[in-house]
Each structure stands twice: as structure tokens, then as C-alpha cells.
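Only one structure is covered here, and it is reproduced in the block below.
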Amino acid sequence: MSDPNCIFCKIVSGEIPAKKLYEDAEVLAFHDIRPQAPVHFLVVPKTHVATLYDATPSHEAAFGRMLAIAGRLARESGAAEGFRTIVNTGPVGHQEVYHVHMHVLGGPEPLGPMLQRRKQ
Ligand code: AMP
Ligand code: ZN
């Protein structure tokens, strides 16, 4: 349920500090340490799951909660006109931390391009 070498498990347990936004039985939300937008926080399941490849039906409650809480937290954080949610998976998806996390990025102004199409 928890990986002793996982930085986000350590944040969930309180072993490593984080600027927490929200917590319930299923998920924890905290500010990204290297924000890439005026609003940039992460929402993670409290249970360790490395990637979306490793998801099972047992994760549905937490993953559903991650999406269900995003809008409220974004609005409360200053992103009232829209935001982006991103879940990076594996090396091709540039995943750095192997505990599933959903980025929520937004701000008062429209975001710059993040998902540009590669020119053919
Ligand atoms: P990625 O795995 O590429 O989707 O992104 C991992 C994200 O975790 C990056 O945006 C990091 O800035 C963020 N991050 C890494 N360590 C911490 C930490 N201790 N507290 C908050 N955010 C972190
Ligand atoms: Zn973990």
C-alpha cells in the first residue's frame, strides 16, 4: 500500500513536508515544488500505485476522487476560468515520480502551449 522509497508516499505519511491543499481518505493534494503555472498542484492517491499501467479496479475510488475534486481545488486556488489536468505515464510520457499523480495547472490568465503537436 506504501513504498518506503517513494517520495509521494513519504509526503502522504508526513515524513516529507509539502504544502497541502486537501486531504481525505482516498487522496492528497499538494503544491508542486517546481510550479509551471501560477496554479500548479498535484493530486495523488494515498495508496502507492506506480503508474496508470499498474491501475486495477481497486484504484477506481481514488482515481475518481482525483478528478472529482480537481475543479473545486482549482477554483479555490485561483484558477476559476479553467485549468489543465495532466497525468504523465512512463518514460515516453516523461514521468519522473513513479507514484501516480495528476497535475492541475491554471491561473488567472490562459496558459501557454503545453501539448503542442509535433510538426510532421
Ligand atoms: P512528472 O512525474 O514528470 O509528472 O512530475 C513530477 C512532479 O513532481 C514535478 O512537477 C515535480 O516538480 C514534482 N515534485 C517532485 N518532488 C516534489 C515534492 N517533494 N513536492 C512537491 N512536488 C514535487
Ligand atoms: Zn508512492
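The values are calculated or read from the model by the stated rules, or taken from the named source; none is laboratory data. These numbers were taken from a predicted model, which means no experiment stands behind them. Neighbour counts are summed over all protein chains in view; Cβ atoms, including those assigned to glycine, are modelled from backbone coordinates with ideal geometry.
Restricting to region 10-58, count the residues that are surrounded by 15 or more Cβ atoms within 10 Å (Cβ to Cβ), touching a residue at least 12 places away in the same chain (Cβ under 8 Å) and farther than 21 Å from Leu73 by Cα.
Counting residues in region 10-58 that are surrounded by 15 or more Cβ atoms within 10 Å (Cβ to Cβ), touching a residue at least 12 places away in the same chain (Cβ under 8 Å) and farther than 21 Å from Leu73 by Cα gives 6.
Select from region 1-18 the residues that are of a type in the set (A, V, I, L, M) and over 16 Å from Glu96 (Cα atoms) and write down the one among them that is farthest from ligand 2 (Cβ to nearest atom). Break it down stepwise before answering.
Start the filter on region 1-18 by keeping residues that are of a type in the set (A, V, I, L, M), which leaves 1, 7, 11-12, 16, 18.
Among the residues that remain, those that are also over 16 Å from Glu96 (Cα atoms) are: 1, 12, 16, 18.
Working: Met1: 9, Val12: 7, Ile16: 11, Ala18: 13 Å.
Among them, the one singled out is Ala18.
With the requirement that a residue be crowded, with 18+ Cβ neighbours inside 10 Å and either out of contact with any Gly (no Cβ under 7 Å at 6 or more places or on another chain) or of a type in the set (A, V, I, L, M, F, W, C) (or both), what does region 93-110 give you?
Tyr98, His99, Val100, His101, Met102, His103, Val104, Leu105
All but one of (1) in a loop (DSSP other than H, G, I, E, B); (2) within 12 Å of ligand 1 (Cβ to nearest atom) hold for Asn5; which doesn't?
So the condition that Asn5 fails would be (2).
Output the qualifying pairs, or none if there are none: Cβ atoms under 7 angstrom, residues six or more apart or on different chains, first residue in region 78-92 and surrounded by 14 or more Cβ atoms within 10 Å (Cβ to Cβ), second residue in a loop (DSSP other than H, G, I, E, B) and among the hydrophobic types (A, V, I, L, M, F, W, C).
Arg84/Leu111; Arg84/Met114; Val87/Val100
Go through region 25-34 and give me each residue that's more than 8 Å from ligand 1 (Cβ to nearest atom) and within 18 Å of Ala80 (Cβ to Cβ).
Residue satisfying the conditions is Ala29 alone.
Can Ala70 be described as within 16 Å of ligand 2 (Cβ to nearest atom), closer than 24 Å to Gly14 by Cα and surrounded by 12 or more Cβ atoms within 10 Å (Cβ to Cβ)? Talk me through it step by step, then tell me what you get.
Numbers: within 16 Å of ligand 2 (Cβ to nearest atom): no; closer than 24 Å to Gly14 by Cα: yes; surrounded by 12 or more Cβ atoms within 10 Å (Cβ to Cβ): yes.
No.
Have a look at Val87, Val104, Val92 and point out the one that is touching a helix residue (DSSP H, G or I) at 6+ places or on another chain (Cβ under 6 Å) and modelled with pLDDT of 95 or more.
From the options Val87, Val104, Val92, the qualifying one is Val104.
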